[in-house]
Number of protein chains: 2
Amino acid sequence: MQRILSTELAAHPYEKVRVEGWIHRVRRLKSVTFLIVRDAAGLAQVVITEPAQVATLTEESVVSVIATVTPNSQAPNGVELTGAEEIHVHSAVGVPLPFELHRPALTAALPAQLDHAALALRHPARRAALRISAAATAGFRKALETQRFVEIHTPKIVESATESGANVFELDYFGRPAYLAQSPQFYKQMMVGVFERVFEVGPVFRAENSDTARHLTQYTSLDAEMGFIADHRDVMAALTRTIAGMFGEVTERTGTATPEVPVEIPAVHFTAALRIAGAPADEPDLAPAHERALGEWALREHGSEFVFVTGYPMRKRPFYTHPDPADPAYSNGFDLLFRGLEIVTGGQRLHRHADYVAALRAAGEPPAAYQGYLDAFRYGMPPHGGWAIGLERLVARLTGAANVREAMAFPRDPRRVTP
Amino acid sequence: MQRILSTELAAHPYEKVRVEGWIHRVRRLKSVTFLIVRDAAGLAQVVITEPAQVATLTEESVVSVIATVTPNSQAPNGVELTGAEEIHVHSAVGVPLPFELHRPALTAALPAQLDHAALALRHPARRAALRISAAATAGFRKALETQRFVEIHTPKIVESATESGANVFELDYFGRPAYLAQSPQFYKQMMVGVFERVFEVGPVFRAENSDTARHLTQYTSLDAEMGFIADHRDVMAALTRTIAGMFGEVTERTGTATPEVPVEIPAVHFTAALRIAGAPADEPDLAPAHERALGEWALREHGSEFVFVTGYPMRKRPFYTHPDPADPAYSNGFDLLFRGLEIVTGGQRLHRHADYVAALRAAGEPPAAYQGYLDAFRYGMPPHGGWAIGLERLVARLTGAANVREAMAFPRDPRRVTP
């Protein structure tokens, strides 16, 4: 007998069907026991009048139930299962659960949830965040493919600790040192020379010893890079379309309400951003409090949950950043803030070989160490730029999770490499 | 003036347009120079009658050309560009190229291509393989989403060197050892407890010191895992639909001919496979020559470029493998061979906690080291199974590439971590 998912039972009234899933809850009343079975789609209620059938059943045990679909407007999806013929136990749980899954919210503290991730992630709220993550990722790819971007896969093991040497993980590569890539930056730029527009969804690694609610040592980076741009504003426009596509997909697939993405997201220059945030004019970067103030400003002044900050000072951006031709102390780089948190960094990059050599020398880096990367520019590259979205940050901001760890199945931080 | 891609020029006869791209070739004839411009879509021919305009132009320089679209049945796409008003050079190549890109095949040997990947990947043949890879990946996800699978992202940094301890990369994790994940196996199984059906596209790492044409130290694994199966045959059926979807997408997106995937791929038991391959009956595994012989047999006897081998001996499969209930020396594990090469490994897994504890003890492994993973089974798991497809192997087999490195942008092997 073919299995029917919980959410499809209503289409089979009075039929005998098979339902399979986890015992979400056992409610033993005087004359009847309600068995709530959880499957990938939702919950089904099984009404048991023969106590012997469920005497030994425990929560989270996995069962297969054959019973009859009976309309009942009080039950989930308007139906319940009655007259259960057979309750087959695929696997029985013989130990107490460390926390219950059938409460509206998990009562266990986050560390306990993370310790028992295999169990905690089954809770509908935790599960929902990961479905949103999957939908956002699908929306990212869909929006970019519509815009002619091609998917790439780049190396996560690299020879040198580039970009910002201090925060890389070192590994033993057949007796030599190698490093985990902090981003696909160099590779996606090189691939602009091949496909003009590329994207990658993949893990990036940061050996940053900061145990905050918004840092992870591995996270999912949604990267894109595009050639033949006029400047960073073309990148911002493509990003805006992409974010809109992601949120659209989240709503379509999960029913989650998402904020409207303006056709043109308000953008403020870094110098104006400092003024709005009430920060001193000589600050080289925006602190979290400044970002929050800018988020409030954008909502108040523009009704937008998003705001671009452009023109970050060159001295705070990486060597490949393209300066603002009108004022070379500032860059054609930008951040996108969502609800007062930076979730995207992007910008226009340098594209001429001589500019790279000069930028590396100015940064005190030997160009020879970047040979494979510089090849791309030596052999011709168009004006280009791109961005990196932090998936877990975006999802946490969207779901209102206080901690980015709630937006990832098995988070990694300086103290956690398990499960 | 908006840019028009090379392949869309024919829709703009006699219009003045902007074309942008790389100088693929400069052919200087007596009275005319042909400039072949390569963009993401293809090639465009620009006819130059004023030699001064192109006197200094070099191949792979990036240009923007404004000219008039003129029908010419001899030219690529039936049009050429004439009367060029302006040739703007975005970036000029001032050095000789290490190899030419305009020949039908790259003449450089593979190591030279890999050394200069940023240039070599621009060659239409190399580029085509990566487009096939992108299409196959998109087809994988599409086929699985149709079958209710949910995308997941799992940790690449893990605490213990599980599965097959010898072949892992060790890294320094804030002063402690940690390892690069060889596969998302444990995590995708745990996530079956959450979503029933999951998939992941991501990098996996093998510290195997073998410098062959089919091994990489990082490759892209297309993983899936599904719950509530009867046995491994349900997994094989889902895999067959998925491979068909992948090949369908490759043909649709790239026009590449792909072999027909039979609705039911022929399957032979391991013991029969040894006989067919002419191998001794006590061999514990199939050698490459045996796989080739089986590929020939499947084509000859069944007209299929694919063949499943099922029932591999338990002693050669990992501890989580489900035995064949009818003969527990053999497993419910399978490999899928494509044109005589293993491109997928999969099978049914154990799903009861007690079976895991027994299997780990038998393997001499302390169950305590697997606590987070075993949690999933302690708290209830359905019968399940899954597979892992090696993306680069599949693409190399499809394109006929002699070396799997040709199916990856920046391959990693024991001697190569650059570019």
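Tell me, what does the Kirkwood hydrodynamic radius of chain B come to in angstroms if you use every pair of distinct C-alpha atoms?
Working: mean 1/r = 0.0411 Å⁻¹.
After inverting the pairwise mean of 1/r, the radius is 24.3 Å.
On alpha carbon coordinates alone, what is the Rg over Rh value for segment A:160-283, Rh being the Kirkwood radius? It would help to have the intermediate numbers written out before the result.
On the way: Rg = 18.4 Å, Rh = 18.0 Å.
Dividing the radius of gyration by the Kirkwood radius yields 1.03.
Rounded to a whole number, what is D in µm²/s for segment A:245-347 from Stokes-Einstein with the Kirkwood radius over alpha-carbon pairs (4 °C, 1.567 mPa s)?
On the way: Rh = 14.4 Å.
D, rounded to a whole number, is 90 µm²/s.
Kindly provide the pair-distance distribution of segment A:21-109 built from C-alpha pairs, with 10 Å bins from 0 and whole-percent values in order of increasing distance.
The calculated distribution, bin by bin, is 17, 52, 27, 4.
Loop-only check: which trypsin sites (Lys or Arg not before Pro) in segment A:326-419 are DSSP coil with at most 15 other Cβ within 10 angstrom?
A:ARG415
Report the label-to-label distance for A:VAL263 and A:THR49 in nanometres (one decimal), using points 7 Å from each Cα along the Cα→Cβ vector.
So the label points at A:VAL263 and A:THR49 sit 6.2 nm apart.
Return the FRET efficiency for the residue pair B:ALA125, B:ALA326: r is the Cβ-Cβ distance, R0 is 60 Å, and the value is rounded to the nearest 0.05. Please report the intermediate quantities before stating the final value.
Values: r = 48 Å, r/R0 = 0.81.
Computed FRET efficiency for B:ALA125 and B:ALA326 comes out at 0.80.
Angle check, please: helix B:232-254 long axis (alpha carbons) against the longest principal axis of chain B (alpha carbons), in degrees 0 to 90, nearest 10.
Long axis of B:232-254 versus the principal axis of chain B: about 0 degrees.
What percent does the relative contact order of segment B:108-227 come to when contacts are Cα pairs within less than 8 Å and at least six residues apart?
Working: 150 pairs, mean separation 27.1, N = 120.
Across segment B:108-227, relative contact order equals 23 percent.
For segment B:51-151, what is one quarter of the convex hull surface built on the Cα atoms, given in nm²? Before the final figure, lay out each step's value.
On the way: hull surface 42.7 nm².
So the mean shadow area of the Cα hull is 10.7 nm².
What Kirkwood hydrodynamic radius do you get for the protein assembly as shown when you take the inverse of the mean 1/r over all pairs of distinct Cα atoms, in Å? Could the numbers behind the result be given before it?
Numbers: mean 1/r = 0.0346 Å⁻¹.
Hydrodynamic radius (Kirkwood, Cα pairs) of the protein assembly as shown is 28.9 Å.
Out of all DSSP beta bridges in the protein assembly as shown, what portion is antiparallel? Express it as a percent rounded to 5. Intermediate results must be reported in sequence, preceding the final value.
Details: 145 of 159 bridges.
Bridges in the protein assembly as shown that DSSP calls antiparallel: roughly 90 percent.
How much length, in nm to one decimal, is gained on full extension between B:GLU86 and B:ALA363, taken as 0.36 nm per residue of separation minus their Cα-Cα distance? Don't skip to the answer; put the middle values down first.
Working: separation 277, 0.36 × 277 = 99.72 nm, distance 7.18 nm.
Computed gain between B:GLU86 and B:ALA363 is 92.5 nm.
Given the DSSP H assignment, sum -39500 (n - 2.57) over each helix run of at least 4 residues in chain A and divide by its residue total; what's the result at 222 nm in deg cm²/dmol, nearest 500?
Values: 10 runs with 116 residues, N = 419.
When only DSSP H runs of four or more count, the value is -8500 deg cm²/dmol.
I want the local charge near A:ALA329. Using Cβ-Cβ distances under 15 Å, sum +1 for each Lys or Arg and -1 for each Asp or Glu among the other residues. It would help to have the intermediate numbers written out before the result.
On the way: positive: A:ARG315, A:LYS316, A:ARG317; negative: A:ASP282, A:GLU283, A:ASP285, A:ASP324, A:ASP327.
So the surrounding residues net to -2.
Please compute, for peptide A:282-291, the average count of beta-carbon atoms on other protein chains lying within 10 Å of each residue's beta-carbon.
Rounded to a whole number, the mean comes out at 0.
Given R₀ = 56 Å, what would the calculated FRET efficiency be for A:VAL95 paired with B:ALA112, taking r from the Cβ atoms and rounding to 0.05?
Working: r = 60 Å, r/R0 = 1.07.
Calculated value: 0.40.
Taking the Cα-to-Cβ direction at B:LYS16 and at A:GLU283 and moving 7 Å from each Cα, how far apart do the two end points lie in nm?
4.9
So, in chain A, how many Lys pairs have Cα atoms under 28 Å apart, if the pair is 8 or more places apart or on different chains?
Details: A:LYS16/A:LYS30; A:LYS142/A:LYS156; A:LYS142/A:LYS188; A:LYS156/A:LYS188; A:LYS156/A:LYS316; A:LYS188/A:LYS316.
So the count of such lysine pairs works out to 6.
Expressed as a whole number of Å, what is the distance separating the alpha-carbon centroids of segment B:132-201 and segment A:375-414?
Cα centroid of segment A:375-414 versus Cα centroid of segment B:132-201: 18 Å apart.
Just need the relative contact order of segment B:6-91 here, percent rounded to a whole number, with Cα pairs under 8 Å and 6+ apart.
On the way: 202 pairs, mean separation 28.3, N = 86.
Dividing the mean separation by the residue count of segment B:6-91 yields 33 percent.
In a shell of Cβ-Cβ distance under 13 Å around A:PRO98, excluding A:PRO98 itself, what net charge do Lys and Arg (+1) and Asp and Glu (-1) give?
Details: positive: A:ARG122, B:ARG378; negative: A:GLU59, A:GLU60, A:GLU100, A:ASP115, B:ASP375.
Taking every Cβ under 13 Å from that of A:PRO98, the sum is -3.
Over chain B, what is the relative contact order in whole percent, taking alpha-carbon pairs under 8 Å and six or more residues apart? Walk me through the numbers on the way to the answer.
Numbers: 826 pairs, mean separation 54.8, N = 419.
So the answer I get is 13 percent.
What does the extension gain come out to for B:ALA402 and B:THR418, with contour length at 0.36 nm per residue minus their alpha carbon separation?
3.7 nm
The numbers here are math on the coordinates, done by the rules we state, and not lab data. Just so we're clear, the structure is a prediction, and the values are computed from it rather than from any experiment. A quick note on method: Cβ atoms are made from the backbone with ideal geometry, for glycine too, and the neighbour counts reach across all protein chains shown.
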